1. Under 16 Å from a point placed 7 Å out from the Cα of A:Trp135 along the Cα-to-Cβ direction: which residues of segment A:8-43 have their backbone N that close?
2. Rank B:Ala83, B:Leu107, B:Leu201 by how far each Cα sits towards the positive end of the charge dipole of segment B:36-303 (+1 on Lys, Arg Cβ; -1 on Asp, Glu Cβ) and give me just the farthest.
3. Go through the cysteines of the protein assembly as shown and tell me which have no other cysteine Cβ under 4.7 Å away.
4. Loop-only trypsin sites (Lys or Arg not before Pro) in segment B:152-253, please: DSSP not H, G, I, E or B, and at most 10 other Cβ atoms within 10 Å.
5. Would you kindly state how much longer the chain becomes between B:Gln188 and B:Leu362 on full extension, computed as 0.36 nm times their sequence separation minus their alpha carbon distance, in nm to one decimal?
6. Dipole size in debye (nearest 20) for segment B:36-303 around its Cα centre, Lys and Arg Cβ +1, Asp and Glu Cβ -1?
7. Kindly express, to the nearest 10 degrees and within the range 0 to 90, the angle between helix B:145-165's C-alpha long axis and the longest C-alpha principal axis of chain B.
8. With point charges of +1 on the Cβ of Lys and Arg and -1 on the Cβ of Asp and Glu, referenced to the Cα centre of chain A, which listed residue (A:Leu259, A:Ala227, A:Leu128) lies farthest in the positive direction of the dipole?
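We did not get these values from a lab; they are worked out from the coordinates using the rules stated. Here the structure is a predicted model, which is why all the values come from computation and not from measurement. Ideal geometry is used to build each Cβ from the backbone, glycine not excepted, and the neighbour counts take in all protein chains shown.
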Amino acid sequence: MLTFEYFLQQLVTGLANGMLITLVAIGYTLVYGIVEMINFAHGDVFMLGAFSSVTTLQALGAQAVKRVANKDQPPIPETYLWLVVALITSMVFCATLNVLIERLAYRRLRRGSRMAPLISAIGVSFILQNVGIYWKGVSPINFPRYIPQIDLVKAFGIDSFVRVTTKDVFVFVVTVPLVIALTLFIQRTKLGKAMRATAQDRDAAQLMGIDINRTIALTFLLGGALAGAAGLVSGLYNNTAGFQMGFSYGLNSFTAAVLGGIGNLNGAMLGGVFIGILGAMSDGYLDARWTPVVIFGTLNLVLIIRPSGILGQDLAERA
Amino acid sequence: MQTDIRMTPGRRSYVEEPADPQQTRNRILQATAFAFVVAYPFLDLLFGWQALLAFIPMMLMITLALGLNIVVGYAGLLDLGYAAFYAIGAYAAAFFTSPNSPLASVLPGSPFAWMQDFWVSMVMAVLVAGCAGAILGAPTLRLRGDYLALVTLGFGEIVPRLVKNLEPWTKGVKGMSPIGRPYLFGCQFGVDPCEILGMKLKLGMIPYYYLTLIVGAISIFAIIRLRNSRLGRAWAAIRDDETAAQGMGINPVTTKLWAFSLGASFSGATGAIFGAYLQTISPDQFEYSTSVIVLCMVILGGTGNIWGVMLGGLLIQSFDRIFAERLTGWVHKAGALTGDPTITAAFNSFDLLKSRLLVFGLCLVLIMNLRPQGILPNRKRRETALTDLPEDDVAPDEAVMIAGATVPTEKPR
């Protein structure tokens, strides 16, 4: 019974991590769907999102950080307002950053080969990492403990080894509405329709009067905003952030996007949750140091065996 | 697609071409560079530049870039995990020669004891790395370019982590040390004093310098021959137009596989020498950033052009190993000269070594956007995988007009 509970525990952690990975993976998949390019710098945009939200939170209430540091203490009401402010700042910051990157580093290369924007993106990723080093230093920084860690299973009076804390719930409360909002945006609005049209056939969409440059910029904006949200939530969930987290999170998310079928929104969600659970299981049953090997091994296997991913066959409805 | 009859210049032309002044100038330039490189250790001693120790890894990295150039420049395949092959070469050599390797308890006394010799281990490193290239390439080379880049990236991440995790064999993060040294005339490289023909000499690291130089020169010669060979022309054909090449009877998968495997084998030799030179190897020397730096060297100088790659390598490596440090020192000294404590402090906070990533990143972005063909472009390579010029200059309005449609367009931007 205990082993089953251990499994459940890993499942909970994996689901929460998977939702975070999903948010970042959507950024990869949207961009790939529309310009067929791997935006290598996306993970680092996410990292800067985490950094920016730490800065905002500290600016808003350096004192309050100390008061909520004790996890048994109930949170103060203002913190929720600060969290919303930090979430919005981080999303706006990352969205702007992503649009700027597209304008400066990728747009000129759009018509060339596939490799040129990929190499440019690697360059941008290095630049952003260095910005991260200048901003917060080389060593990982502590994230303020705003979210209390109250075990809900115990709170409901069930005595179990499994812990579902308010932190896990927090991840879902933020990520699920965002994903739903994005799906609705792409499926119901006119701009979303323009995105889908551009993804299907850029030239034809242009002939229909769609402003391609603006649509692509919008795609980067949405991806960046989600990465910014993921930056804040992952910081609050893991209570740590460092300049290298963009690379590892980015690769996990990319693996998730490819696994689900790159360019496919549902695929990114499926892949994100799968990779999150896979990572948690590998952490729990193998060893944390083997997890990257497992994830990258999965990436390579998927690419070799089924490059189109699980849901990749309906390429017509990409975005 | 332009047609160039002189696919293999020089070697087999039936018509005697008049001497090209440009070519003569290039020859003179090459001869001067060659003489300088050969005489360098003595010049270094004479003028006290103290850069010999920076030059050896520099030349190794340039050789590495030449190997990557086969994959990226000639065959047009983006490899983001080249450092993995470098690691495989270095660890293969270390496995055979290091007293700390698991083989050290098996080999001595067995019929395979000769494998502990450095020169043998270097050849083994070349073979092992080449085989690793073929093993990774065989299932993956059918993939499209950007997916292949990711597979290589994944491979490049897995190899150092495996080395870290498989502690009983690889000694994990601590790394393998010591590693067998190369020797000649009964004299071990880097061990002083060294006795040759009864003379006691203090050579320092000079033998390593010439070893890297010779390996580099052999690599250049081999790569030029490869480029002009049937295989080299097949690479160019595949890179320029895979479908057309396939139509002409070239098998794209085997051709790419050769590029992958040969490219990897160069890094094997380099890895073996690198390990012997440093006498210790650890997994963090072979991480993703190493792959990107080597890629940066290839792209900066001119993808597909040997001299361009060497120039790019020289620029990046001399920045990385010599100038970043010295420039930082000069700026600190300049700050101290002003005498003003705030200015001194501001100047002291300048540290170019901290900005290495920034410099490499900027280099990649700027080259791709401003001069995708690199500093010294490859003449024969106008329209290729990596150096396509952007043709996005047509404004959307114009495009619509060209197409003859009357659909009103939104104003761009």
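1. A:41-43
2. Toward the positive end, the furthest listed residue is B:Leu107.
3. Flagged as lacking a Cys partner: A:Cys94, B:Cys131, B:Cys296, B:Cys363.
4. Qualifying residues, ordered by number: B:Lys202.
5. 58.4 nm
6. So the dipole magnitude of segment B:36-303 works out to roughly 280 debye.
7. It is inclined by approximately 20 degrees.
8. Working it through, the farthest residue towards the positive pole turns out to be A:Leu128.
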